[in-house]
Structure formats: C-alpha cells, structure tokens
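Peer 1: This structure is in structure tokens; I'll ask about it shortly.
The values are calculated or read from the model by the stated rules, or taken from the named source; none is laboratory data. Small disclaimer: the values here were computed from a predicted structure and weren't measured. Positions of Cβ are generated from backbone atoms using ideal geometry, with glycine treated the same way; all protein chains shown enter the neighbour counts. Quick note on the areas: whole protein, heavy atoms, side chains included, nothing else; ligands and nucleic acids left out. Shrake-Rupley method; radii C 1.70, N 1.55, O 1.52, S 1.80 Å.
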Amino acid sequence: MNRITGFFTDATLCIGCKACEVACKEWNEVPADGYEFSGNSYDNTGALGHSTWRHVKFVEGETSIGAGGMMPELMSWAFSSDVCKHCENAGCLESCPTGSIIRTEFGGVYIQPDICNGCGYCVVNCPFGVVDRRPTDGRAFKCTFCYDRQKEGDTPACAKACPTGSILFGDLEQLEKVADARIEKLHAAGMTDANIWNPKETSVGGTHAFFLVRGDAAQYNLPAKPEVPLTALKPAWNAAAAAAGVIFGAAVLGFAFAGRSGRKWKIEN
Amino acid sequence: MTTPATYYNQPLLKPPVWTWEVPVYFFVGGAAGAASVLGVAAQFSGADEELVRDARWIALIGAAVSGPLLISDLGRPERFLNMLRVFKPQSPMSVGVWTLAVFGGATAGAVLLPYKPLRSISAVAAGATGLVMATYTGVLLGVTAIPLWKEHAHFLPVHFGASALGSAVSLLELRGHRNGALRSLGFAAATFESAADFALEQKTPMLKIAGALSGPVPFLFRLFGKRKAAAAATLLGSLLTRIAWIEAGKASAADPHVALHGSGA
Amino acid sequence: MPGLGTTLGRGGATTAQQDLANADAILIMGSSMAENHPVGFQWVIEAREKNGAKIIHVDPRFTRTSAMSDYWLPLRAGSDLIFLGAMIRYVLEEERYFREYVVPYTNASVILREDFVDTEDLGGIFSPAETWKYAGDDESGAFDSGHRGEGQGTARTTAYPERDNTLQHPRCVFQVMRRHFARYTPELVEQSCGIPREKFLEIANVFTSASGPEKTGAICYAVGWTQHSTGVQTIRAAAILQLLLGNIGRPGGGIMALRGHASIQGSTDIPTLYDVLPGYLPMPTSNERDLASYIDKHRAQKGWWYNLDKYIVSLLKAYYGDAATRENDFGFEWLPRLTGDHSYFGYWLDMADGKLDGLVVMGQNPAVGSPNAKLERAALGKLKWLVVRDLVETETALFWEDAPDEIDTEVFFFPAASHVEKDGTFTNTQRLLQWREKAVNPPGEARSELQFMVALGRRLKAMATDAPRDAALRALTWEYADEDAEEVLKEIHGWRVSPPVILSEAKGPLPPRVIPRDSAESPADEQSRRASAGDPSPSSRLRMTEEGAPPPPVILSVSEGSQNATAVAAETLHSAQGDGDATAVAAETLRSAQGDGAPLRHFGDLKNDGTTACGCWIYSGVFDGENKANARAPHGRYAHGWGYAWPLDRRILYNRASARPDGQPWSERKALVWWDEAKREWVGHDVADFTRGKAPDYKPTSDHGGDEAIAGDAPFIMHPDGLGWLWVPSGLKDGPLPAHYEPLESNIRNPLYAQQSNPAANRMERPDNPYASSPDARFPYVLTTYRLTEHHTAGGMSRTLSHLAELQPELFAEISPELASEAGVSNGEMVRITTARGSIRARALVTTRMPSLDVDGERIHQVGLPYHWGGRGLVTGDVVNDLLAISEEPNVKIFESKGLTCNLTRDM
Ligand SMILES: Nc1nc2c(c(=O)[nH]1)N[C@H]1C(S)=C(S)[C@@H](COP(=O)(O)OP(=O)(O)OC[C@H]3O[C@@H](n4cnc5c(=O)[nH]c(N)nc54)[C@H](O)[C@@H]3O)O[C@H]1N2
Ligand SMILES: Nc1nc2c(c(=O)[nH]1)N[C@H]1C(S)=C(S)[C@@H](COP(=O)(O)OP(=O)(O)OC[C@H]3O[C@@H](n4cnc5c(=O)[nH]c(N)nc54)[C@H](O)[C@@H]3O)O[C@H]1N2
Ligand code: SF4
Ligand code: SF4
Ligand code: SF4
Ligand code: SF4
Ligand code: SF4
Ligand SMILES: [Mo]
C-alpha cells in the first residue's frame, strides 16, 4: 500500500520567484513556451499547457502607502503557483481512449508518453485547462507529479526548489491538516479573505493538488464549481439511445409502409 | 480592492486541438452509419435490391474513409492501434473507435461476403453499430469540459443522429432512388432539424447557416418536391453542422466566465 | 563597504541570513531581498511566521518583497538619508535608544574637538577632516579607508578618549548628533520623501520597538542604498541606528549587507580592487618606499590592526617564498604602487581617451552592465586588443558588431568554465566560505580561471628577463599544479616556513642558527644581531646568484624542536657540498624534518619574521589540515560545521555585545555568547568575536598595545578604542556623520543645505558623460533601475537560457497610472525614456505598484527600469545603462544607478 501524496500550495508564502516553474522545466526537459510579453503583471507564460507544467500567477490588487502585502485588510499583489490538480475524478484520465493516462500508486494522474497517440480527447476533458497537445511532438503533456522522482522516494522538483515552503509536498491527509491549521492562523490574524480551494463537494471529488489563496479563487483561474465531464455521460448516452431508437423505428416503419411503393410511383419533376 | 472575476481574461479551458478531419469524420461516419440502418430496414421490408446494395455501399465507403480521417488527425498516427489496447465504456471516444472498428468490418462483410445470408447477417451487425455511429459523436462532444458542448450533451446525439439520417437519405436520393420511405424519412429529418434549429438559443453565425441548411431549407424543397435540391442542402447542412459545433466549442473554451462561474458574462 | 567598516570595524555583513529568523522586526530598505536573495529570504519569512516579527519594506516600488512584508513605504528614489536621519532623530528625541548598550559600547559619550563645525553651520559642508578627531587625539594623519574601508575601519585614533557617560557634555558625540539630526523631522520626511508623517511615525515606532534586552531588530540592504552618490553615508546612518538601538552583535539584530555575485564578498576579501591587498591590507603608495614606513603608516598601536606587520610579511612570503628575506624587506619593493586613480571608472575614461592599449575582461559584461554603457562601448573601440573570458559571447565580446568597419580592436574570446564545471569556493554574502565540487567537465575549449591563470603565470615567468623590472616576476612563487583549487586554498590559509640560514661554502662546521618560532624579534634587531655575528648577508649572495656566479649558497630552513635533525642534515650537506643533487635532496629532507610547509592553526600563528606565509590573513583558519570550507556537518543554531565563516568561523560579528558589560546575557531570550567564570572563557552559541580568555573586567593600561589595549567590555575589537563608532573620527572622505545630499541629478532642491549634492562625489562630467542640471525641465521624472528575479545582471547568464528568457522576454518600464495618462500611454505600449546621456525604448507596464508621490507640494512621477537587456541572446532589448552617468561616490567610487532624472514619452 503506497502513500497517497499531494501538493499544498500556499499563496501567502509565495514570493513569485518562479523557481518551481524553472525547476520543473529543467527536470522534465520541457521546451520553451514562447517569448511573448503579456503586460499582465510579471506573468509572461500565461497559463499551464503542454510546455508549462508549473505556472506562477501574479494577481495585482490596489496598493496603499503603509500597507505591505501581508496586511490582512488589503491584498495588493499575490502570487500562486498553479499545477495539474491531479483530480480525484480526473476528466483526462477517464476520457483517454488509449489508457495512456493512469493513476499512479501515489494517487497522481500520469500520462504514459510511450502510449499516448495524441488523439487530443483529454485536452477537452480537463475542467482546468491543464493538459494540452504539443504541436511539435503530437502527444499530450502535463505535470507528471514527478512520478519518476517519487518512485525514487524524492520530492518533486518544483517543491524541492521552492525556497519558502509555499509548495508543500507530502501525505495528502497530512497536508489537509496543515492547510486547516494555516487557515485558522491566518483568520485569527485577521486575514479573513484567505481560503482553501479544493473542490471536494463537486463531482471532481477533490484534488491532490490544492491551494490556499486570498480573495476570490476565480481571479487565480480556479473555478468555483468545476465539474468532471463524466457527469454528462449518462444523459448523453440516454439521448443517443433514444435517438438511435427513433431512427431505427422510423426507418423500419418507413420502409414497412412506403418501402415497396418505390418503383411504382416514378414521379419525374 | 478590485477583484477581477477572471485571471486577466485568460481562458481557463483549452480549446479542442482537432483539425478539419474530425468534423468531416463526424459527417461521413454519421451518414455511413445511418445508411447502414436504412439498408437493413429496406432489406427486411423487401424493398428493391438496388437500394439495399447502394445503402450498403455507402456505409462501406463511409466506413472506409472514416478510418484514415480519424488516424490522420492523431498527433501520432502510427500509434492508432493503441486505441484498441483498451476498451473504456466511460470514454465516448473509446466506445466510438471500437464501434467504428466493428462497423467497418460489418459493412465490408455486408458487401463482400460470398453468400447472401452471410452478407445479410453482416448487414444487420452493420445496422446495429450504424445506429451508434450516427449518434455517438454527439456524446463525444457532450461529455467534455467545453461548456457549450456539455450544456447540450442531451441534445447533440439526437441532433447529430437526425442530421446523419438526413444525409443518408439524401445520398440515396442523389443516387436516383425515388423511394417513398426515403421521402418520408427525409421529411422527418428536415422537420426535426427545423424544430432543433428553432429551439437552439445563442447560435454562432455558422450554426445559423448550418441549421437553416439542415432544417427549413430542405423542408421547403421537399414540400415542392425538389428532392435533389433538398438532398444537396441537407448534406451541406449536415457537414456544416459538425464544423459549426466544433468551432463554437473553441469559442466557448476561450471565454473564461462560463467555465469559472458557470454563467456567461 | 566602509560604511560598516568604519562604524563597526569590518566591512562585511555583521550577521548571517539564518539569524534573521531570530529578529523581532526586520527593515528591508534599498534591497528587494525576496527577488534578489530569494533563498535567504526564507529566514525573513520564518521570523514573520515563527516570532511574528514585523517586516518593513521601504522602496519606491511595491515589489515582491513588499508583497511579503507587513508594511510598505514608497519613497522618492534618493531620499533615503532623510528617512534614516529622521529615524535616528526619532530614537534620540523619543529616547528609544538602548542606553545600557550605547554608553559602554559606542563612542556616544566621547568628547569631540572644539574646532569641529557641523554641516548645520556651514551650509552642508563639514569643517576639515582634521577636526573630526576625538578631543586630545594627537595621532596625526589618520589614514582614509577609501576602498580599504571595504574591509576594516583601520583608522587610528586615541584609544582612551575623554568620555562623559551622562551624555550631557555639549561636545560629546551624542549631543553633537542630536544637533546634527535636529532638522531630520517627520515633517521633512513627508515633504521630501513623499511618506505621510503619520505613516512614518507608525513605522518608526514599530522598528525602534525591536530594541532593548528582550528584543532585537535587523536591517537588510543592498545596492538600492549603495548605488548612490551618498551610498556609504546611507549605510553609516543604518549602522548608527542599529548601534543606538543596541542591535549590533546580538541575535536577530545586525546589518545584513546583501551582496551581489555569488562570491562578490570573496572578491573584496581577496580583492579585484586596485587599491587593496588580500585581507584589506592597504596597497602601498609610491611614497611608501620600504616595509618599515608602510608598517609605521598603517599599523594601529591599539586594536587588532596592531598585527598588520605580521599579515603583510606573511603575505609577501606567500608571494615570493624564499626570495623574500628580512634583508630585502621580504620583497616589499616588488609590490606595485598606487600612482593615482586606477579605479574602474578611472581607467574606462582613460580608455575612452585612447590611453589604454589592451583590456582583459573576465566575468563581466560592461557593454550592458556598466553606467553610460554607450561611452564604455565606444571606449572598447579605442583599444588595440580586448580579451574576453566568459561563458557566452556577451555584448562586450561582440561590441564591434555595432560598427565593424570603424572598429579595429582585435578581440580574443576565451570560453570559460562555469561554477559547476570547476572546484573552488564561494564566499557568500555572510562571509561564509563554501566549497564547490566540480559536477561536470566544461564543454569544448572552456577552461577554468585557475587553469587559465596558472598557465598565463607560467608563460609570463618564462618570459622574465634579468632586468630589474622583472625581479618580482622572477621571485614570484608559481609551483602550482595545472588545476588544483585546494592547493590555492592552502596557500591562502597559510603555512610555516623557517628562517633561512646560510651555510658558507667554506668547509668546516658552522652551527645552524635556530630561531624559536615564538620569538617576536623584529626584522631590525635581527639584522643587528646578524651583523654582530659577522653573518654574511644572504641578500648580497642572492644578488650575485642572479648574475649567474658564483654557485648558490645552500639556504636551509630551521625550526624549533628540530635542531638535531638540522645539525645532522647540516652535516650531510657539508659532506655533500659540490654534489648539487645530494645537496638539494638533503635540503628537502631537512625542510620536511622541520615541519616546513605545515599548516598554521589560524592567523593567530602569523609572525612578522618571515617564518609564516599566508595568502589572506582573514581567511587563515579555513584549511588547518582539513578543508573547512568543505565541512558538511552543520550543528547548533548557526550551522557551525557547514562551511567556514571568516574570521575564525564567527557567524555573528561583535557578538561580545550580546552580553552585558559584566559578561552575562542581556536576557535569556537574546543570549548568544557569555563569560563562563568557571571556565574563564567566552562560551555560547557562536564562536566569540573576542579574545577567548579575556575577562569582562579586564582593564588595559596605557602601555598595552594591540588587542591587549582593548578592554574586556569593548566589543568592537578592530577599533583602537574597542567602541562602535556613531561618530567616525577618520576613515571617510565625506564626513564624520551622515548628511543628506540630493542625487547628482535631481529636480528637488536639497531641503536641508545650500549644498545640493555630495561635495566629495566625483561627477566625472565631460562631453560624453553629460548631466542634466538640477532642476531640469527637460527631464521631469525620477528614474531608478533595478533587477528582476528572472534575470541576472547584464543578462549573459539569463537571456541566453530559454527557461529564464521566456519568463521576462522584454524590457519594460514600470510607471504609475497617473504618469501613463499624463504621457498618454496604456499598458503594453512602447515608450521612450530619455536622459542627458541617451534614449531607449521599452514597453510600458502600468501599475499602482509604482506610485506617484507628493513631494514639495508637487506630484512627482517615478520611472522604474530593470537593466537586464542587451543586443544578444534569446531575448533582446535596449541597454538601460545607456541612460546612466559615470560618477564616483567619494569612498568606494561607485556610480549612481538609483535616482536620476529622465523624460518618458509614448513611442510611435
Ligand atoms: N535574481 C537576481 N538576483 C540577484 C541579481 C540579479 O541580477 N538577479 N544580482 C545580484 C547582484 S550583483 C546584486 S548587487 C544584488 C542586488 O540586490 P538588490 O539591491 O536587492 O537589487 P536591485 O533590484 O538593484 O535594487 C533593490 C531595490 O532597490 C530599489 N530602489 C531603487 N532606488 C532606490 C532608492 O533610492 N532607495 C531605496 N530605498 N530603494 C531603491 C529598487 O526598486 C529595488 O526594488 O542582487 C544579487 N541577486
Ligand atoms: N543600471 C544599473 N546598472 C547596474 C546595476 C544596477 O542596479 N543598475 N547593478 C550593478 C551591479 S551591483 C553589478 S554586480 C553589475 C553587474 O554587471 P556585470 O558584472 O558586468 O554583468 P554580469 O552579467 O553579472 O557579468 C558577469 C559575466 O560573467 C560570466 N560568468 C559567469 N560565471 C563565470 C565564470 O566562472 N568565469 C567567467 N570567466 N565568466 C563567468 C557571465 O556569463 C556574465 O556574462 O551591474 C551593475 N550595473
Ligand atoms: S487537472 Fe486536468 S489534467 Fe490534471 S488531473 Fe485533473 S483533469 Fe487531468
Ligand atoms: S491525447 Fe494521449 S493522453 Fe490524451 S487522451 Fe489521447 S491518448 Fe490519451
Ligand atoms: S511535480 Fe514535477 S512535473 Fe509536476 S509540476 Fe512539479 S516538477 Fe513539474
Ligand atoms: S518556488 Fe515557491 S516561492 Fe517561488 S514562485 Fe514557486 S511557489 Fe512561489
Ligand atoms: S541564485 Fe544562488 S545565491 Fe542567488 S539566491 Fe539563488 S541560491 Fe542564493
Ligand atoms: Mo552586484
């Protein structure tokens, strides 16, 4: 029985140094993702994707003379390091027709690069826009949860590189306790806008990578009520079955009654 | 403190990476599937041999084209067979690929097998899987994270099914068949598509055109007995419908509001 | 860093980053620590999380550091001294100072001369340096630290000045300071820094509360302070503040000077500076002819610098080996002499004027990194040849591509091995030497500096002629392996060499003269004894041998406890005379028999008689047999056993001050080192920065010299009086107390003095280095420059790496929404920034993090530019340093990169 691991990423400890983003690319030999200036604060890599598996978001609020970023009342500039959520119910995994995406013994969601054939279905099945197909390669890529390192008993590269402990890696259950304690502490200190994002109550059923952010999680591109696409499976197939029934019925009836009449009426027009 | 409801309006979701082959496959595969169904129905109603044969040929050709279309869209075409290393009922694409595989074999059998009874059995198999071929692509789109598709998960299979039926009928008619069954089925499909088109809210321009070409336009042609025109319109509409839905899906993915807050903004 | 050097004694961070975790308040100013020292910043966060320490960031911009702080105060770039002066005034007037610490440990109580006149009375100018000295100080010619101050305040002054412990005497330092800072009021801060009065008072209260027996506060700074025409005095002000609050030498206190390149501290300790020798020994000037006069000039009678003679002689022995003898002043004459300003900017201007033929650039990219880079690129074009050793082809190596036809400088590029491709040490920002093992072989032709230097040295020595001017080259010891960094570290640490003894060629027994290692006899009396012994002078023979004939005398080394071995070997030698090899062999056996070349324990073993060699005395102790820089077994609160901190692995400097005068800790909570009466020595969490066995109640008498002249309750042992210098009697060029001057370019009138800018600063103004006038309507905005976490300095190491380049692909200017609308630009658009020197393009990054401020009743806008871009690499951009002026702060000759004037317009 392997331990189930997770990430707890705490924005109130993040200095936005992007060491995680770089360490991930170094370790996993992920190529460059373009050299575009965005004008969106200090974030020029934009979003998670086929060639950005860790992504540090920079959310700017208002500044006020005297108030540092840790002032409970005012969130002036917050950083949050995003990553594949490693969903409990993972849309990508369920949808993958080749079985390339698997759940590892550590509870992570892992794409086997030797199996993926680049069908692109996982891309539209991730409720968080994480996984994507790399044009230059044809296969889909995303955070591997450093499966290779975890198998060696090592910490994922991103967490290892984080100088401030903003990215905590460890026992998922442990981390959830840590997170609760952290929230209590911050709330006690008056930072009431601090909140944990982990969609347990939704069909996603919680994530192995969860986050502590300040303010509305939506401004960090973390959806309030994500849904795993699977919820649509039943209605869709029911509809398909109904449609099939009707088509079949109509065809049979149609030919039963009018089918033979074909050759007789040769109405030219 | 100003709280942007989004992250610099960056999309949350990734758009589909599929290229033109996919919508074309949706169209071809659907038409082929429906054709095989018509073939079976005709066969049992004892309709003329030609119609049955043509229906089977259409199904076979459709199936034959579908494979390459699907494969060429893969990022790693040489790995197509990995699709068949597992069967995952919860993955519409897995179900679809397996269905296509069986359908392809069956349609081939229905045309190429030596003895008529064998061909007939094979045709029945083709008809059965054809029903799935005609409808599952709606499921394929519906069961995703793309808001627009997901919202229409219950509708797309029916919509695509009707559109497939319409195109199958149209193809046979363009072959010159003047069968009453085809005529009434053509009417049925056009009627349903018109209703669908009417019912559908927030349509992209392309969806509007596609809707018109699949519903009202052929319906009117048929009223005035313009079968071939109706058929042509239906086919065009049916192809356009698939393209339009995929394009609309991309637009839907690009809008962060729905995905973030579950409501348009 | 003379700011710290003169005030406290050593020009290094007084603390370790780990110790920040023990602070109750941390003021980060002139630094964006979270961005530029992100790994060390973890201890700031720890302080915040574990002891609820208050983190304060004072910076024109709201940076990633501000984001992690409790308080952020924006200020007008270049107004720091007003802010700090007001903090000092606050402490003095609100009586927030730690009296029990200030009175015994600082020179607050010292009485000053009558003829000193303050800036208050001279319109911003101090009376002459002579008048800065203590009352009754007869010492003449206190030497100016200048760059030496980078290290130590070696200034000399009387050790036992007249003091008034009531701090009431009108001429005591304390009262003089009160008058000097009287006009540095919160109102002035509001008027000139742009910080509302009540916000300032709130912060002043928060920080100064971290003081007293139970609490401490720390200050972190970096080049946001140093790169000003008043940089040194700004740092002085911080040191004064910390001394007044009793925050020096105590856990969670101190001043964390955050340094730059991974080993920049190392390259000031063993300097790449033109006017300092290793260990902050002053470089001799042309009028210091012989060793005696050099020592007489620079050696202090009291305090640690009494030992200067031992350090210089041991250094010469390391340089010249056996060729360095008493008789030839240990080769002192071979040292280069200071003949003028050969500082960085000095020689660049010479280069621009065509006075230099060639330049070797190792690990620098001046075409991008240095001020008025345009001028510097032009200067490169005036060279006959240029050698660049770098990891990548930098803008400096490729400067000629700007105008291939006009430029005929011949450029040689040597690929260099990077830090992971060679062994060696880094001396980090807290004086910690850490050994680095080679991880991979350098690619292709790339070579390490060591390999390059060793080979170069060999070639040069081979080219040495008999000409006198080559004497130093001939004498220079250079028996290095091709690439053995440990060998070099051993030389830096130092070893024993034994005094030379001459066995005359004449047969017949001649008793080897033995000098016991501990005899401190001076070169002088040794000479006379020799003479009386009729001992022929070896130096004369040496000179003869240089001319070829007659055969070399056998020079033996003798050390105590090995007389017999000596005698025996001597015998062998006599018999072996004539047989060169046998002689050599025997000599060798003898040397080893005498433990010659055996490592010292530490600089305490160094001698002035030529019996020790040491490459850098402050590092001595790092290789006493084992390579302590490579120690990897940390223990205790300060991770002793991991690496080696100079001096003597002391992690917190002046830590004697962490105990009360009586030797006991100020409080349990803030205990660091204390006097153990039973053991009769200083014990605690750190190695005491104090003579181990010197009791707290030790009182020197006036005939004591050196460290023995330092009392048992005087923590600042580098200073002759053992005190922390609120007032600097000598060692600085611009004044004994900090005074605010406006940047060399400023649209604000100096609110305090008629004197607008630092009178001692060198503007180096010339047609190709012009200045805007102050004020100047053409350049209405304040410009400052800085770094981004994503890049490194001139970009050679970051713009060439995709993983970093993509994170910050383009040069941008941070401006406030107000300035944006005034200039009619919106976020992401191109803007043009212009100064008196040049004009560049950048993207506008419009953000409230770069606020406009109310100064002097006006709204002032500031423009912020990161300076990492140039014409090469994966991402390119204009060179920000084309906008800056070359200038020299008086003490360290640094330029002003933070706080000048510019214009900003929309770029079509
Ligand atoms: N990632 C990264 N780390 C680095 C470097 C790098 O290039 N990249 N460089 C290394 C080197 S060589 C050095 S020297 C250090 C430098 O470390 P820092 O001194 O921290 O570097 P800077 O960003 O140049 O300046 C620090 C801050 O000073 C502020 N500032 C500007 N003008 C003023 C002023 O007048 N007063 C005050 N109080 N603040 C002002 C700037 O806004 C900036 O936030 O960093 C080292 N570490
Ligand atoms: N406007 C403005 N200008 C500034 C500053 C500022 O704040 N504002 N800061 C100033 C400061 S503090 C500094 S330190 C300077 C830095 O300015 P520079 O030192 O000129 O710039 P760097 O890019 O640090 O140059 C270091 C070079 O050494 C190379 N290198 C790295 N390792 C090795 C090695 O082992 N061997 C060799 N041979 N080469 C190696 C790198 O590739 C790089 O090209 O910039 C100064 N300029
Ligand atoms: S976040 Fe997306 S990619 Fe990651 S596990 Fe969940 S569904 Fe898969
Ligand atoms: S792209 Fe690869 S990983 Fe994604 S669903 Fe298709 S096969 Fe699976
Ligand atoms: S876990 Fe590994 S793969 Fe995932 S983000 Fe961190 S470093 Fe990258
Ligand atoms: S490494 Fe840690 S601190 Fe740096 S950006 Fe990533 S999460 Fe934030
Ligand atoms: S680059 Fe090196 S020295 Fe600079 S912060 Fe990171 S670890 Fe420390
Ligand atoms: Mo630096």
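Peer 1: Please state which one of C:GLU818, C:GLU814 is acidic (Asp, Glu), open to solvent by less than 10 Å² (accessible area, probe 1.4 Å), in contact (Cβ under 8 Å) with a residue 24 or more places away in the chain and not in a loop (DSSP other than H, G, I, E, B).
Peer 2: C:GLU814
Peer 1: Hey, could you check the range C:786-801 for residues that are buried (at least 21 other Cβ atoms within 10 Å of the Cβ) and among the charged types (D, E, K, R) and say which is farthest from ligand 7 (Cβ to nearest atom)?
Peer 2: Among those that are buried (at least 21 other Cβ atoms within 10 Å of the Cβ) and among the charged types (D, E, K, R), it is C:ARG799.
Peer 1: State yes or no: is C:LYS382 among the basic types (Lys, Arg), surrounded by fewer than 16 Cβ atoms within 10 Å (Cβ to Cβ), outside any helix (DSSP H, G or I) and more than 16 Å from ligand 7 (Cβ to nearest atom)?
Peer 2: No.
Peer 1: Here's something else I'd like to know. Determine which single condition B:THR144 fails, assuming it passes every other condition in (1) within 14 Å of another protein chain (Cβ to nearest Cβ); (2) open to solvent by 10 Å² or more (accessible area, probe 1.4 Å).
Peer 2: Exception for B:THR144: condition (2).
Peer 1: Counting only residues that are in a helix (DSSP H, G or I) and among the polar types (S, T, N, Q), which one in the range A:207-233 is nearest to A:ILE4 (Cα to Cα)?
Peer 2: Within the range A:207-233, the match that is nearest to A:ILE4 (Cα to Cα) is A:THR231.
Peer 1: Within the range A:107-206, which strands (runs of 3 or more DSSP E) (wholly inside it) include 3 or more residues that are more than 16 Å from ligand 4 (Cβ to nearest atom) and away from chain B (no Cβ under 14 Å)?
Peer 2: In the range A:107-206, A:167-171 are the strands (runs of 3 or more DSSP E) which contain 3 or more residues that are more than 16 Å from ligand 4 (Cβ to nearest atom) and away from chain B (no Cβ under 14 Å).
Peer 1: Of everything in the range A:36-90 that's open to solvent by less than 30 Å² (accessible area, probe 1.4 Å) and among the charged types (D, E, K, R), which residue is farthest from the chain's Cα centre (by Cα)?
Peer 2: Per the stated criteria, the residue is A:ASP43.
Peer 1: Listed residues C:ALA471, C:ALA475; which is in contact (Cβ under 8 Å) with a residue 60 or more places away in the chain and farther than 30 Å from C:ALA629 by Cβ?
Peer 2: Result: C:ALA471 is the single residue among C:ALA471, C:ALA475 that is in contact (Cβ under 8 Å) with a residue 60 or more places away in the chain and farther than 30 Å from C:ALA629 by Cβ.
Yes or no, residue by residue, for (1) surrounded by 20 or more Cβ atoms within 10 Å (Cβ to Cβ); (2) farther than 24 Å from C:HIS602 by Cα; (3) touching a strand residue (DSSP E or B) at 6+ places or on another chain (Cβ under 6 Å):
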{"residue": "C:HIS635", "(1), (2), (3)": "no, no, yes"}
{"residue": "C:LEU648", "(1), (2), (3)": "no, no, no"}
{"residue": "C:ARG651", "(1), (2), (3)": "yes, no, yes"}
{"residue": "C:ASN655", "(1), (2), (3)": "yes, no, yes"}
{"residue": "C:TRP666", "(1), (2), (3)": "yes, yes, no"}
{"residue": "C:VAL673", "(1), (2), (3)": "yes, no, yes"}
{"residue": "C:LYS699", "(1), (2), (3)": "no, yes, no"}
{"residue": "C:ALA714", "(1), (2), (3)": "yes, no, no"}
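Peer 1: Moving on. Mind checking whether some residue in the range A:126-142 is away from ligand 3 (no atom under 11 Å from the Cβ) and within 15 Å of the chain's Cα centre (by Cα)?
Peer 2: Checking the range A:126-142: at least one residue is away from ligand 3 (no atom under 11 Å from the Cβ) and within 15 Å of the chain's Cα centre (by Cα).
Peer 1: Do any residues in the range A:91-106 that are of a type in the set (D, E, K, R) have Cβ atoms under 7 Å from those of residues that are surrounded by fewer than 24 Cβ atoms within 10 Å (Cβ to Cβ), where the two are at least six apart or on different chains, and which pairs are they?
Peer 2: A:GLU94/A:LEU230; A:GLU94/B:GLN90; A:GLU105/A:ASN2
Peer 1: Does the range A:38-60 include one or more residues that are assigned to a strand (DSSP E or B), among the small types (Gly, Ala, Ser) and over 30 Å from B:GLU151 (Cα atoms)?
Peer 2: For the range A:38-60, residues assigned to a strand (DSSP E or B), among the small types (Gly, Ala, Ser) and over 30 Å from B:GLU151 (Cα atoms): absent.
Peer 1: Residue check: is A:ALA23 closer than 30 Å to A:ASP154 by Cα, touching a helix residue (DSSP H, G or I) at 6+ places or on another chain (Cβ under 6 Å) and away from ligand 6 (no atom under 16 Å from the Cβ)?
Peer 2: Against the criterion (closer than 30 Å to A:ASP154 by Cα, touching a helix residue (DSSP H, G or I) at 6+ places or on another chain (Cβ under 6 Å) and away from ligand 6 (no atom under 16 Å from the Cβ)), A:ALA23 does not qualify.
Peer 1: Another one. Considering B:GLY186, B:GLY211, which residue is in a helix (DSSP H, G or I), more than 8 Å from chain A (Cβ to nearest Cβ), touching a residue at least 24 places away in the same chain (Cβ under 8 Å) and over 17 Å from B:PRO23 (Cα atoms)?
Peer 2: When all the criteria are applied, what remains is B:GLY186.
Peer 1: A further question on this structure: Here is a check on your reading of the model: is A:LYS142 away from ligand 6 (no atom under 16 Å from the Cβ) and open to solvent by 30 Å² or more (accessible area, probe 1.4 Å)?
Peer 2: no
Peer 1: In the range B:1-42, which residue that is hydroxyl-bearing (Ser, Thr, Tyr) and part of a loop (DSSP other than H, G, I, E, B) is farthest from B:PHE160 (Cα to Cα)?
Peer 2: Among those that are hydroxyl-bearing (Ser, Thr, Tyr) and part of a loop (DSSP other than H, G, I, E, B), it is B:THR2.
Peer 1: Continuing with the same structure: Confirm whether C:GLU401 is surrounded by 24 or more Cβ atoms within 10 Å (Cβ to Cβ) and in a helix (DSSP H, G or I).
Peer 2: The answer is no for C:GLU401.
Peer 1: Can you tell me which residue is nearest to B:TRP245 (Cα to Cα) among those in the range B:126-141 that are open to solvent by 10 Å² or more (accessible area, probe 1.4 Å) and in contact with a helix residue (DSSP H, G or I) (Cβ under 7 Å, 6 or more places away or on another chain)?
Peer 2: Among them, the one singled out is B:VAL132.
Residues are listed down the side, and each one gets a yes or a no for (1) part of a strand (DSSP E or B); (2) in contact (Cβ under 8 Å) with a residue 60 or more places away in the chain:
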| site | (1), (2) |
| --- | --- |
| C:GLY615 | no, yes |
| C:ALA633 | yes, no |
| C:ARG651 | no, yes |
| C:ALA657 | no, yes |
| C:LYS670 | no, yes |
| C:ASP686 | no, no |
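Peer 1: Among the candidates A:TRP77, A:TRP27, which residue alone is more than 16 Å from ligand 3 (Cβ to nearest atom) and at the interface with chain C (Cβ under 9 Å from one of its Cβ atoms)?
Peer 2: From the options A:TRP77, A:TRP27, the qualifying one is A:TRP77.
Peer 1: How many residues are at pLDDT 95 or above, within 16 Å of ligand 8 (Cβ to nearest atom) and outside any helix (DSSP H, G or I) when one looks only at the range C:1-39?
Peer 2: Summing the residues that are at pLDDT 95 or above, within 16 Å of ligand 8 (Cβ to nearest atom) and outside any helix (DSSP H, G or I) in the range C:1-39 gives 5.
Peer 1: Would you please name the residue that is nearest to ligand 4 (Cβ to nearest atom), looking only at residues in the range C:411-425 that are open to solvent by 30 Å² or more (accessible area, probe 1.4 Å) and closer than 13 Å to C:VAL360 by Cβ?
Peer 2: Going through the qualifying residues, I end up with C:PHE413.
Peer 1: Shifting gears a bit: Can you tell me which residue in the range C:264-284 is nearest to C:GLY621 (Cα to Cα), limited to those that are within 16 Å of ligand 2 (Cβ to nearest atom) and small (Gly, Ala, Ser)?
Peer 2: For the range C:264-284, the residue satisfying everything is C:GLY266.
Peer 1: Go through B:PRO11, B:PRO4, B:PRO16 for me and flag whichever is open to solvent by 50 Å² or more (accessible area, probe 1.4 Å), modelled with pLDDT of 95 or more and more than 16 Å from the chain's Cα centre (by Cα).
Peer 2: Going through B:PRO11, B:PRO4, B:PRO16 in turn, the sole match is B:PRO11.
Peer 1: Given the criterion surrounded by fewer than 24 Cβ atoms within 10 Å (Cβ to Cβ) and touching a helix residue (DSSP H, G or I) at 6+ places or on another chain (Cβ under 6 Å), identify the matching residue among C:ASP70, C:ASP115, C:ASP80.
Peer 2: None of the others qualify; the one that does is C:ASP115.
Peer 1: Against the definition (farther than 23 Å from A:GLN219 by Cα and surrounded by 24 or more Cβ atoms within 10 Å (Cβ to Cβ)), how does A:PRO97 come out, yes or no?
Peer 2: Spelling it out, A:PRO97 is indeed farther than 23 Å from A:GLN219 by Cα and surrounded by 24 or more Cβ atoms within 10 Å (Cβ to Cβ).
Peer 1: Test B:ALA55 against the criterion of being facing chain A (nearest Cβ under 8 Å) and open to solvent by less than 10 Å² (accessible area, probe 1.4 Å), and give yes or no.
Peer 2: No.
Peer 1: Within the range C:821-838, count every residue that is open to solvent by less than 10 Å² (accessible area, probe 1.4 Å) and either within 16 Å of ligand 6 (Cβ to nearest atom) or in contact with a Cys (Cβ under 8 Å, 6 or more places away or on another chain) (or both).
Peer 2: So the answer is 2.
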